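Read through the structure below, which is laid out as structure tokens, and then see the notes.
The values are calculated or read from the model by the stated rules, or taken from the named source; none is laboratory data. Owing to the predicted nature of the structure, the values given are computational and were not obtained by experimental measurement. No Cβ is skipped: glycine too gets one built from the backbone with ideal geometry, and neighbour counts run over all protein chains shown. All accessible areas refer to the heavy atoms of the entire protein, side chains included, with ligands and DNA or RNA removed. Shrake-Rupley method; radii C 1.70, N 1.55, O 1.52, S 1.80 Å.
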Amino acid sequence: MRRLTLIAVPYLWLIALFLIPFAIVLKISLSDVALARPPYMPQLDITGGWVAIREFFAALDFENFWFLTTDDLYWKAYLSSLQIALLSTVLTLLVGYPIAYAMARAAPEWRPTLLMLVILPFWTSFLIRVYAWMGILSNEGLLNQFLLWLGVISEPLTILNTNTAVYIGIVYTYLPFMILPIYSALERMDDSLLEAAEDLGCSRLSAFWLVTIPLSKNGIIAGCFLVFIPTIGEFVIPSLLGGSETLMIGKVLWEEFFSNRDWPVASAVAVILLLILVIPIILFQRNEQKQREAEG
Amino acid sequence: MTQCAFAPWNDPEEKPLIQFRNVSKRFGDFTAIDDLTQDIFEKEFFALLGPSGCGKTTMMRMLAGFDAPTEGQILIAGQDMARVPPNKRAVNMMFQSYALFPHLTVWDNIAFGLKREGKDSETINARVDEMLRLTRLAKFAKRKPHQISGGQRQRVALARSLAKAPKLLLLDEPLGALDKKLRQDTQFELMDIQEKTGTTFVIVTHDQEEAMTVASRVAVMDEGRIVQVATPDQIYEAPNSVYVADFIGDVNIISGRAKTQGDKVAVLWAEAQPDILGTTSKSFSDGQEIHFAIRPEKVGISPDEPADAQNKIQGKVLDIAYLGNISTYHVELPTGHIIKAQTANTRRIARRQITWEDPVWLSWTDTAGVLLER
Ligand SMILES: Nc1ncnc2c1ncn2[C@@H]1O[C@H](COP(=O)(O)OP(=O)(O)O)[C@@H](O)[C@H]1O
Ligand SMILES: [Mg+2]
């Protein structure tokens, strides 16, 4: 009995917070837009009995999904989101790995402090931090003023409202998700392994490639997924820092939903997005499981 | 025995392979190695013996190049090693923690060093297979380190350090995790390897029996210093201090005052007890503090008073430890001292003539023990 409750809790959680919302979104994506409140039809009316339910299901169709294929905005947005997510994941890895490495190499008494510094930004609102970046990156912003003062540039660079700003925003926001798993992998690594590698004829650099990198592989994979998965659907960063050229599916979704009030198409976009995300999520789970088995 | 013939440390012409010259190593204000000077010769099997924390691993790490001496010089084959990084030294080390690469199979662990040398795959395959056979690991070649037992991991570490056939091999407590039988086999294997390859071994152990079995010379360490270096039999028969005598094997120590009697020295150790007579090449002044050390197997035990022994004391059997092949008698003297005497059990136990509470005589010749100043 206790076992059953233990198993039931996560499943109830999953059903209440994932499956039911997903079923609702799926249902809306199969509906038609309507000038009503809520702005779609049909509505399920159980009081009408069996006939009403039959009519309700008969009214659902895949029209909205079909519509997504007719306008190339959508698949371009999906593709561009994937591309931006992929590139920002690589950038975050390039920035995050050295930081995680330095943290793991730091004197043990410094490590909790450094860890704290990495987590610290989470204590302020994400939105405020993105707005702060607008202040830094704008034409009259801190960065341009600083570069002008240094004399590196003679007129302000346009960074805000470009893809560059989006990349900066994403790398900044998701950096902790990359650093933490890599740090935890590196910190667990036994230093004598590097000594053994050197003893067997490796230079410092080849010991890094042959020992450190493979041993932090699982951390790297976990970090990449933790950045890649939420970045695909990212909406706040591209809409605040990006410009008209920045095409991301999260932004499209938002516009369909709030500007066009076309809930059914917005829902269809969301369902497809979820299907795209399921693949990396499954891969991520498999990586975690493999790691647990290797340690077990 | 080959050991008698092999004694390069006695040959002033011989060039040592390793030279420690006034080497000190400090961690903060803690001195791990204290002004150590020692030569180790080619083809030696040099054993470092000492209690935990006395600096054995630190000495090895300085030889391998992971730590630099705070003071002094280390020379290998006449070359100062100060600026030579670990990967440029013809030295391999077997780590006390094994330090196996967890992401590589047993096979790849052993092949790791060979691959770095850029050997062709055929040579590498042959060498790794040879090492696997030697350490009896062939069955586990495809496993990862976490899939094998502690003893097997230790053998992988050994195989990996042997694979490159280094000039100098450092073994830090290499056989600690092996069971007794396998440990003895591996000890002989090591000696065999050493004979075949001519590799110089420096081995750390806290198992004195192991040191005695494998070593050409044994160095006994205490708090960052080498107290005595000698061949196993010399260390055992002629320790230079109570510390060494006590550290290697079982020993009875009786302390007293020295008194010269002709060419012998008497130890005045208790009133109303006969003095202990011993021979020594050292000179003691009368009244000086002196320690008499004698191994249990050199103490005879008999129910009747022996007729012609230079030293004999009467006592009472307190305890008998039966070890199968030998028995150790703990004999209490009237003074309260407890002396251990060992005899080989050549007779069946039922026919033993001495038992608990029996009054017995202990006896030994005047050359059986050693006289020590400290
Ligand atoms: N990196 C280090 N920092 C501080 N103290 C150390 C370090 N390495 C070893 N020591 C100290 O030096 C002493 C000798 O250590 P070690 O050589 O490992 O002893 P052992 O003879 O047991 O191998 C120990 O007291 C140890 O605490
Ligand atoms: Mg040690």
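Consider B:LEU170 carefully, then state whether it is closer than 18 Å to B:THR213 by Cα, assigned to a loop (DSSP other than H, G, I, E, B) and not aromatic (Phe, Trp, Tyr).
Here the answer is no, as B:LEU170 does not meet what is asked.
Among the residues of the range B:82-111, write down those that are within 16 Å of ligand 2 (Cβ to nearest atom) and hydrophobic (A, V, I, L, M, F, W, C).
Scanning the range B:82-111 gives B:MET93, B:MET94, B:PHE95, B:ALA99.
Between a first residue in the range B:45-72 that is outside the structural domain of B:THR200 (by the TED database) and within 8 Å of ligand 1 (Cβ to nearest atom) and a second residue that is open to solvent by 50 Å² or more (accessible area, probe 1.4 Å) and not hydrophobic (A, V, I, L, M, F, W, C), which pairs have beta carbons less than 8 Å apart while being 6 or more apart in sequence or on different chains?
Close Cβ pairs (under 8 Å, with a partner that is open to solvent by 50 Å² or more (accessible area, probe 1.4 Å) and not hydrophobic (A, V, I, L, M, F, W, C)) do not exist here.
State whether one or more residues within the range A:183-200 are in contact with a Phe, Trp or Tyr (Cβ under 9 Å, 6 or more places away or on another chain) and surrounded by fewer than 16 Cβ atoms within 10 Å (Cβ to Cβ).
The answer is no; no qualifying residue exists.
Among the residues of the range B:181-217 satisfying the criterion of being within 16 Å of ligand 1 (Cβ to nearest atom) and of a type in the set (A, V, I, L, M), which is farthest from the other protein chains (Cβ to nearest Cβ)?
It comes out as B:ALA211.
Among the residues of the range B:146-181, how many are among the hydrophobic types (A, V, I, L, M, F, W, C), open to solvent by 30 Å² or more (accessible area, probe 1.4 Å) and away from ligand 2 (no atom under 16 Å from the Cβ)?
Count: 1.
Suppose we filter B:ILE276, B:ILE339, B:ILE313 for residues that are over 27 Å from the mean Cα position of the chain (by Cα), at pLDDT 90 or above and buried (at least 18 other Cβ atoms within 10 Å of the Cβ); which single one remains?
B:ILE313
Return the pair list, or none, for Cβ contacts closer than 8 Å from residues in the range B:15-35 that are acidic (Asp, Glu) to residues that are more than 14 Å from ligand 1 (Cβ to nearest atom), at least 6 apart or on different chains.
Note: pairs meeting the criteria are B:ASP35/B:ASN22; B:ASP35/B:GLU71; B:ASP35/B:GLY72.
Considering only residues that are within 13 Å of another protein chain (Cβ to nearest Cβ) and more than 14 Å from A:LEU175 (Cα to Cα), which ones fall in the range A:211-232?
The answer is A:VAL211, A:THR212, A:ILE213, A:PRO214, A:LEU215, A:SER216, A:LYS217, A:ASN218.
Any chance the range A:134-156 includes a residue that's within 14 Å of another protein chain (Cβ to nearest Cβ) and either out of contact with any helix residue (DSSP H, G or I) (no Cβ under 9 Å at 6 or more places or on another chain) or surrounded by fewer than 14 Cβ atoms within 10 Å (Cβ to Cβ) (or both)?
No - not one qualifying residue is present in the range A:134-156.
Just one of (1) open to solvent by less than 70 Å² (accessible area, probe 1.4 Å); (2) touching a Pro at 6+ places or on another chain (Cβ under 8 Å) trips up B:CYS54, so point out which.
B:CYS54 satisfies every listed condition except (2).
Looking only at the range A:182-207, filter to residues that are farther than 27 Å from A:ARG292 by Cα and not hydroxyl-bearing (Ser, Thr, Tyr); which one of those is farthest from the other protein chains (Cβ to nearest Cβ)?
The extreme case among them is A:LEU205.
Every residue, every condition in (1) more than 16 Å from ligand 2 (Cβ to nearest atom); (2) β-branched (Val, Ile, Thr); (3) in the same structural domain as B:ILE326 (by the TED database), yes or no:
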residue: B:THR200; (1), (2), (3): yes, yes, no
residue: B:VAL204; (1), (2), (3): no, yes, no
residue: B:ARG217; (1), (2), (3): yes, no, no
residue: B:GLU237; (1), (2), (3): yes, no, no
residue: B:THR260; (1), (2), (3): yes, yes, yes
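Determine, yes or no, whether B:ASP366 is over 15 Å from B:GLN273 (Cβ atoms), acidic (Asp, Glu) and open to solvent by 30 Å² or more (accessible area, probe 1.4 Å).
Considered against the rule, which asks whether it is over 15 Å from B:GLN273 (Cβ atoms), acidic (Asp, Glu) and open to solvent by 30 Å² or more (accessible area, probe 1.4 Å), B:ASP366 comes out as no.
Among the helices (runs of 4 or more DSSP H) contained in the range A:28-128, which hold 1 or more residues that are closer than 16 Å to A:GLU256 by Cβ, open to solvent by less than 80 Å² (accessible area, probe 1.4 Å) and without any contact (Cβ under 8 Å) to a residue 60 or more places away in the chain?
Fully inside the range A:28-128 and qualifying: A:72-105.
Provide a single number: the residues in the range A:236-273 that are outside any loop (DSSP other than H, G, I, E, B) and over 17 Å from A:LEU86 (Cα atoms).
The total comes to 23.
Output yes when any residue across the range B:43-59 is within 14 Å of chain A (Cβ to nearest Cβ) and more than 16 Å from ligand 2 (Cβ to nearest atom), and no when none is.
Among the residues of the range B:43-59, not one is within 14 Å of chain A (Cβ to nearest Cβ) and more than 16 Å from ligand 2 (Cβ to nearest atom), which makes the answer no.
Residue by residue, here is whether (1) farther than 30 Å from B:LEU63 by Cα; (2) in a helix (DSSP H, G or I); (3) modelled with pLDDT of 95 or more holds:
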{"site": "A:ILE153", "(1), (2), (3)": "yes, no, no"}
{"site": "A:LEU175", "(1), (2), (3)": "yes, yes, yes"}
{"site": "A:ILE182", "(1), (2), (3)": "yes, yes, yes"}
{"site": "A:ALA185", "(1), (2), (3)": "yes, yes, no"}
{"site": "A:PHE225", "(1), (2), (3)": "yes, yes, no"}
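Against the conditions (1) at pLDDT 90 or above; (2) over 24 Å from B:LEU190 (Cβ atoms), where does B:GLY118 fall short? Just the number, please.
(1)
Based on what the data block shows, is B:GLY249 surrounded by fewer than 17 Cβ atoms within 10 Å (Cβ to Cβ) and touching a helix residue (DSSP H, G or I) at 6+ places or on another chain (Cβ under 8 Å)?
Criteria met by B:GLY249.
Conditions: (1) under 14 Å from B:LYS56 (Cβ atoms); (2) in contact with an Asp or Glu (Cβ under 7 Å, 6 or more places away or on another chain). B:ILE226 meets all but one. Number of the miss?
Here B:ILE226 clears every test but (2).
Collect the residues in the range B:316-336 that are of a type in the set (Phe, Trp, Tyr) and either closer than 19 Å to B:ALA272 by Cβ or modelled with pLDDT of 90 or more (or both), keeping them in residue-number order.
Listed by number, the list holds a single entry, B:TYR329.
Among the residues of the range B:90-104, is any closer than 17 Å to B:ILE18 by Cβ, within 28 Å of the chain's Cα centre (by Cα) and open to solvent by 30 Å² or more (accessible area, probe 1.4 Å)?
Looking for residues that are closer than 17 Å to B:ILE18 by Cβ, within 28 Å of the chain's Cα centre (by Cα) and open to solvent by 30 Å² or more (accessible area, probe 1.4 Å), one finds at least one in the range B:90-104, hence yes.
Taking the residues in the range B:141-158 that are more than 12 Å from every other protein chain (Cβ to nearest Cβ) and either part of a helix (DSSP H, G or I) or without any contact (Cβ under 8 Å) to a residue 12 or more places away in the chain (or both) as candidates, determine which candidate is nearest to B:ASN92 (Cα to Cα).
B:LEU158
Of the numbered conditions (1) within 16 Å of ligand 2 (Cβ to nearest atom); (2) open to solvent by 60 Å² or more (accessible area, probe 1.4 Å); (3) under 22 Å from A:ARG204 (Cβ atoms), B:GLN79 satisfies every one except a single condition; which is it?
(1)
Yes/no per residue for (1) surrounded by fewer than 16 Cβ atoms within 10 Å (Cβ to Cβ); (2) in contact with a Lys or Arg (Cβ under 9 Å, 6 or more places away or on another chain):
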| position | (1), (2) |
| --- | --- |
| B:LYS282 | yes, no |
| B:SER285 | yes, no |
| B:GLU289 | yes, yes |
| B:ALA307 | yes, no |
| B:VAL317 | no, no |
| B:GLU357 | yes, yes |
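Take the range B:60-75 and flag every residue that is open to solvent by less than 40 Å² (accessible area, probe 1.4 Å) and within 14 Å of chain A (Cβ to nearest Cβ).
Answer for the range B:60-75, where residues must be open to solvent by less than 40 Å² (accessible area, probe 1.4 Å) and within 14 Å of chain A (Cβ to nearest Cβ): B:MET60, B:MET62, B:LEU63, B:ALA64, B:GLY65, B:PHE66, B:ASP67.
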